[in-house]
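In what follows, a single structure is set out as structure tokens and then discussed.
The values are calculated or read from the model by the stated rules, or taken from the named source; none is laboratory data. Since we're looking at a predicted model, the values are computed, not measured. Reconstructed Cβ throughout: ideal geometry from the backbone, glycine too, with neighbour counts over all protein chains shown.
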Amino acid sequence: MDQKLLHQREAKCVQDNPPGCTTNCPVHVDARGVIASVRKEDYAAGFTLFHKMVPFPGIISRICDQPCQQGCKRREIEEPVNIRALEQICVENSAAIINFAALPAKKRTVAIVGAGLSGLTAALELSRKGYKVALFEATDRLGGSIWDISEKRLPRHVIDNDFSIFEKILVEIYYHTLIISLDSLDEKFDAIYLGTGLYQNNFGLTVSANGKINVDVVSLATSYPKVFAGGSLRSHTGKRSPITSIADGKIAAVSIDRFLQNASLTANRENERTYASLLFTNITGVKPEPTVAAADPDSGYTKAEASREANRCLLCECLECVKACEYLAHYKGYPKRYVREVYNNLSIVMGIHRANKMINSCSLCGLCEQVCPGKLNMGEICREARRTMVEKGKMPPSTHDFALRDMQFSTSDKFMLTRHQPGFADSELVFYPGCQLAASSPEHVIKIYRFLCEKVAGGVGLMLGCCGAPASWAGQATIFQEKMQNLKANWRSLGSPKVITACPTCYRLLTDNVADMKVESLWTLLERIGIPEGKRLAEAPQKLAVHDSCTIRHDVAIQSSVRSLLSKLGYQVEELPLSREKTVCCGYGGLMLYANPEVAHKVIDRRIQESELDYLAYCAMCRDNFVSQGKRSYHLLDLIFGFAGNHTAEQAGPGYSQRQENRARLKQTMLKEIWGEKVEEAQATVLFYISEEVLAIMEERQILIDDVIKVIDHAESTGEKLQESVGDYFIAYFQPASVTYWVEYKPQGDGFVVRNAYCHRIEITE
């Protein structure tokens, strides 16, 4: 992932962008932060944030015209938040002392003409930068037109307190000094700022038709190189605004600093003034609340009033993806940060790749892109990162070892099968149920295949196997392509018929990776040709909540067919809060369940809490995952073929070992019952006794019965085992792949009793 691509993706995440109140403020006060401080009654923190951008906090907190309110999201509902009043209470309830820190003194000198808010701000800012500043004021006091404001609204002690800063800094102030020409200043000073307020004098500079000095809108430069002007002298200023005057002073100080350092006056200043906020804030469901009125408007809010008004603020943020995705929420951040972490992780040559677990925990489902206003897809980024880490040899193979070995089983002769329908030399269609339906409900595979053979005249072939999804999700591009090539070869051996998939993931992968393969979902096919006649589920609930599979979130036809089939079966549908294109993963996608079970269980739990109704899924893994955490759920084929009782929705899916056994038996059964072939079933010569308690432990630790058998076989054939000092149990280990398995066992009769099994999912390299 190169830097350019990184920045492009980072830019899609708007969470770091300031809210509209800040971008509409000419000096970019962090109003959200100030208001958050008021909520906590931490007025000192609020004052610090306010004073950071506003040099005269007491004055501005009383007379600001609040352009910030134009960007307040509350304004889209009813009245904006009274931000100025909340800033005022921070000022009045804080004893914080802000130190004036100046850079080392410079030899260059600057003249400021006019001691209004604009000129005073420029003087302060330039003094901080170390310049020698001289301030020329025609009257006998600082502040200009603010003295025209009533004392009730702006008490004089507030003005005196704010301007006391000039007693502490090295700014030479010349009162009663009316500047009518720039000639004298031009000789003595390296730069000049004109902030004379309403005083009409063009000082020999180029002016507009209305007689005001022409000023560059970005830099405040005039027609004379060393002279800058702001405040009411600017030709485009229609109304005097205290906060805009302060903004002019700040901008002028930056321009003068750049001018004296021979730097560009305009580069990288796009967002220096007001601008449109890019931050998205969802206000759906926010209730109107009127602005809190102060009992005494001149004195401002009481603390109680301020607290109520502060709580009207939405504290604008986006986090739409974090709200929708348990994975993104789990890591306590948001995508822009995660993208940077992923990039840094990829850049590590030597050392620990600490972001690996985060990268591997994503379900790759793409929900984030659907809810993100900038369409940032963390799944896409994590998928690329996994692939890159695998290519570099930096991805620990143990993370996805179990899932990949399960895939290898499903693409071995123990399960794979490719046949035309008995009696046919060609196939109009080929049914591809996928490995998970075959593992979870092999009886449904047999039933639906028989039904398709009855309904389709041109012959229905059968392909058993795995589409390679685990390899794709694990970033194992080479292995995935190998599995896909084998699948295509088997398909072509049948004459390249249309493929009918029962698994949504198979549908997506085959559609995306085999250009000339025509693929159709079983559900759209059944809607077209009809469903089996027979028993209907009178005992089942009449309304079901439909969970859409995340891998086909954009396949409207499949989603609609599922709902149509349910209607034909006599059921009503409840749409979950996040459904169709915004559906969520069941916790299995992207191998989340293997890489980070904690997050996967959070994902499942959140999903199953969204409705009290029984769920309907059309992916075997989705259904089994929901039932594993106590949610009554059906697979669509349960309803189509009927069930033996109401317990079907509560029937837990098979364990890992049983899933492989089901696949192997399905192949044997179909060869025997459909094709009439004689099948030699392997007979166990050694018995293994494993209690239900130990089986549950093995399931949690992702240990197959076959793994345990291999350890014991290895120990018994090599003698590599340890015996307990007291007792007759042995401890042995074996590493068949990237995982080391340990088993505690003892001989008993003609077999072995297993007491415990555990594993280390780590690969030790030299």
Exercise for the section: Could you please let me know if residue 684 is under 27 Å from residue 417 (Cα atoms), surrounded by fewer than 15 Cβ atoms within 10 Å (Cβ to Cβ) and modelled with pLDDT under 95? Expected result: yes
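Is it the case that segment 686-702 has a residue that's in contact with a His (Cβ under 6 Å, 6 or more places away or on another chain) and farther than 30 Å from residue 424 by Cβ? Step through it out loud before you land on a result.
Looking only at segment 686-702, we keep the residues that are in contact with a His (Cβ under 6 Å, 6 or more places away or on another chain), and these are none.
No, every residue in segment 686-702 fails to be in contact with a His (Cβ under 6 Å, 6 or more places away or on another chain) and farther than 30 Å from residue 424 by Cβ.
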Completion exercise
The condition of being in contact with a strand residue (DSSP E or B) (Cβ under 8 Å, 6 or more places away or on another chain) and of a type in the set (Lys, Arg) holds, among 498, 483, 447, only for 498
Problem - Residue check, residue 9 crowded, with 18+ Cβ neighbours inside 10 Å and modelled with pLDDT under 95 - result: yes
Exercise for the section: Considering only residues that are acidic (Asp, Glu) and under 14 Å from residue 127 (Cβ atoms), look in segment 138-179 and name the one that is surrounded by the most Cβ atoms within 10 Å (Cβ to Cβ). Expected result: 172
Problem - In segment 291-300, the residues that are without any contact (Cβ under 8 Å) to a residue 60 or more places away in the chain and either part of a helix (DSSP H, G or I) or among the hydrophobic types (A, V, I, L, M, F, W, C) (or both) - result: 293, 295
Fill in the blank from the handout: Only unsatisfied item for residue 142, checking (1) modelled with pLDDT of 95 or more; (2) not in a loop (DSSP other than H, G, I, E, B), is (2)
Practice task
Would you point out which residue out of 553, 580 is over 21 Å from residue 650 (Cβ atoms), in contact with a Gly (Cβ under 7 Å, 6 or more places away or on another chain) and buried (at least 16 other Cβ atoms within 10 Å of the Cβ)?
Solution key: 553
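Say whether the condition of being outside any helix (DSSP H, G or I), in the same structural domain as residue 636 (by TED's automatic domain parsing) and not charged (D, E, K, R) is met by at least one residue in segment 554-564.
Yes - at least one qualifying residue is present in segment 554-564.
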Completion exercise
Reported set for segment 107-136 where residues are over 13 Å from residue 177 (Cα atoms) and in a strand (DSSP E or B) is 109, 110, 132, 133
Problem - Listing of helices (runs of 4 or more DSSP H) fully contained in segment 301-359 that carry 1 or more residues being free of Cβ contacts under 8 Å to residues at least 24 places away in the same chain and β-branched (Val, Ile, Thr) - result: 320-324
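To keep it simple, each residue is scored yes or no on (1) surrounded by fewer than 21 Cβ atoms within 10 Å (Cβ to Cβ); (2) touching a residue at least 40 places away in the same chain (Cβ under 8 Å).
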residue	(1), (2)
72	no, yes
94	yes, yes
99	yes, no
107	yes, no
110	no, yes
114	no, yes
130	yes, no
Practice task
All but one of (1) under 30 Å from residue 311 (Cα atoms); (2) surrounded by fewer than 22 Cβ atoms within 10 Å (Cβ to Cβ); (3) in contact with a helix residue (DSSP H, G or I) (Cβ under 9 Å, 6 or more places away or on another chain) hold for residue 52, so report the exception by its number.
Solution key: (3)
Handout entry: Where residue 237 falls short, out of the listed (1) crowded, with 17+ Cβ neighbours inside 10 Å; (2) at pLDDT below 95; (3) of a type outside the set (Gly, Ala, Ser)
Key = (1)
Handout entry: Verdict on residue 318 being crowded, with 18+ Cβ neighbours inside 10 Å and in contact with a helix residue (DSSP H, G or I) (Cβ under 7 Å, 6 or more places away or on another chain)
Key = no
Practice task
Name the single residue, out of those in segment 583-614 being buried (at least 20 other Cβ atoms within 10 Å of the Cβ) and of a type in the set (Ser, Thr, Tyr), that is farthest from residue 636 (Cα to Cα).
Solution key: 594
Fill in the blank from the handout: Of the listed residues (243, 256), the one being in contact with a strand residue (DSSP E or B) (Cβ under 6 Å, 6 or more places away or on another chain) and not basic (Lys, Arg) is 256
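Conditions (1) more than 16 Å from residue 326 (Cα to Cα); (2) part of a helix (DSSP H, G or I); (3) basic (Lys, Arg), marked per residue:
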site: 567; (1), (2), (3): yes, yes, no
site: 570; (1), (2), (3): yes, no, no
site: 587; (1), (2), (3): no, no, no
site: 607; (1), (2), (3): no, yes, yes
site: 610; (1), (2), (3): no, no, no
site: 654; (1), (2), (3): yes, no, no
site: 665; (1), (2), (3): yes, yes, yes
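Looking at residue 695, is it surrounded by 14 or more Cβ atoms within 10 Å (Cβ to Cβ) and either touching a helix residue (DSSP H, G or I) at 6+ places or on another chain (Cβ under 6 Å) or at pLDDT 95 or above (or both)? Steps first, answer last, please.
Details: surrounded by 14 or more Cβ atoms within 10 Å (Cβ to Cβ): yes; either touching a helix residue (DSSP H, G or I) at 6+ places or on another chain (Cβ under 6 Å) or at pLDDT 95 or above (or both): no.
The answer is no for residue 695.
If you go through segment 426-440 one residue at a time, do you hit one that is under 30 Å from the mean Cα position of the chain (by Cα) and either outside any strand (DSSP E or B) or within 24 Å of residue 594 (Cα to Cα) (or both)?
Yes - at least one qualifying residue is present in segment 426-440.
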